Amino acid sequence: MKPKQSIPKELRYTVADFNREFPNDDSCLEHIKEQRWQDGVTKCEKCGVEQKHHRVTGRTAYACQACGNHIYPLAGTVFEKSTTSLKTWFYAMYLMGSTRCGISAKQIQRETGVTYKTAWRMFRQIRSLLSEEGLQLEGSTIEMDEMYHGGKRQRMGQRGRPSFGSHKVAVVGMVERNTEKRIGHVVARVAPNAKKETLHGLAKEYILPSSTVFTDDFVSYDGLQNLGYVHRRIRHSARIYVSGDVHTQAIEGFWSLVKRGIGGVYHNVSAKYLQTYLNEYSFRFNRRDTGNLLFKLILARVSQLAS
Ligand SMILES: [Zn+2]
């Protein structure tokens, strides 16, 4: 899939740019080393002081210039135990960062020549980097809603909720709407169920006290005002979808993006991995103004999350 043509020039990062910056595994390793230890300077465990480290030819190691002790930029990263080339990993991240609606393991398999299993594993690992769990929603107005994943009977655009005890998986979403009515960040979480205590728990986790929360009239949202929120509701059950400012169209827009992606690109997503797909969609949605420099943000997560 081609990147959107409307990306402003300064946010454009083409395949040619990618190949120039990352011609081989060495340049990828160097990039990760720089992210973790700028100029290779870090405290040497043996010397006990800051030392510059130089690349050890033929190994994924850098050696202390004073004592020769090795450090490994890939240690604790998703690349550590992989036998797949770093350039392939980087290219997979580039592709993920360059499409609006996602790319399948099948596509990456075709483009890089790795096996399907490897491509699939890489994608799962990369998605695991994209969690927005630590995000706090700061908009003064939040739309909150759930969607349900799985089960053959669910049709696109179908309203209503499965009964409790159904095998469908509940996903709870919250999205900011700030004062200029612009849409801000989204958080989407797989939930054990759509019961009141679950939804209230997620609200408390992500939404600041005294925010205004827009929901529909689903019973599990009852009592949100008791948590210190201004709670406004739209009566979906009466087929009312917008009443002045009160609606949940931003989060519904996000849901349709997710459903289109999962249906169109990823086909069958099992409940087990649903959260990682949601991570990918949220990560992309929350950084939708970064063009296909999104790749660099995904890449930055590698060393941020290195253990
Ligand atoms: Zn040393």
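A few notes on this one:
- Which of V114, V41 is most accessible, then next, and so on - probe 1.4 Å: V41, V114
- Across the protein chains, with a 1.4 Å probe defining accessible surface, the residues L278, L11, L305 rank L305, L11, L278 from largest area downward.
- Taking the 1.4 Å solvent-accessible surface of segment 14-55 as the whole, the part contributed by carbon and sulfur is 46%.
- Across K9/K296; K33/K117; K43/K87, pairs whose alpha-carbon gap is larger than 24 Å: K33/K117; K43/K87
- For the chain, accessible area per residue (1.4 Å probe, heavy atoms of protein chains only), Å²: 52 Å²
- Taking N as the residue count of segment 1-91, its C-alpha radius of gyration divided by 2.2 N^0.38 Å amounts to 1.33.
- Given a 1.4 Å probe and the protein chains as shown, D25 ends up with an accessible area of around 70 Å².
- Protein accessible area in segment 58-149, 1.4 Å probe - carbon and sulfur %: 45 percent
- Interchain or long-range residues, amide H under 5 Å from V213's placed H: I142, V230, H231, R232
- On segment 182-307, 52 percent of the accessible area sits on carbon and sulfur atoms, based on a 1.4 Å probe.
- Sorting E21, E50 by solvent-accessible area of protein heavy atoms yields E50, E21, largest first, with a 1.4 Å probe.
- Cα-based shape type of the chain, given that a ≥ b ≥ c are square roots of the gyration tensor eigenvalues and the cut on a/c is 1.5: prolate
- Accessible-area value, T57, 1.4 Å probe, nucleic acids and ligands omitted, Å²: 130 Å²
- Accessible area (Å², 1.4 Å probe, nearest 10) - W37: 40 Å²
The values are calculated or read from the model by the stated rules, or taken from the named source; none is laboratory data. Treat the numbers as computed from the prediction; the structure is a model and nothing was measured. Ligands, DNA and RNA are excluded from the accessible area calculation, which covers all protein heavy atoms including side chains. Shrake-Rupley method; radii C 1.70, N 1.55, O 1.52, S 1.80 Å.
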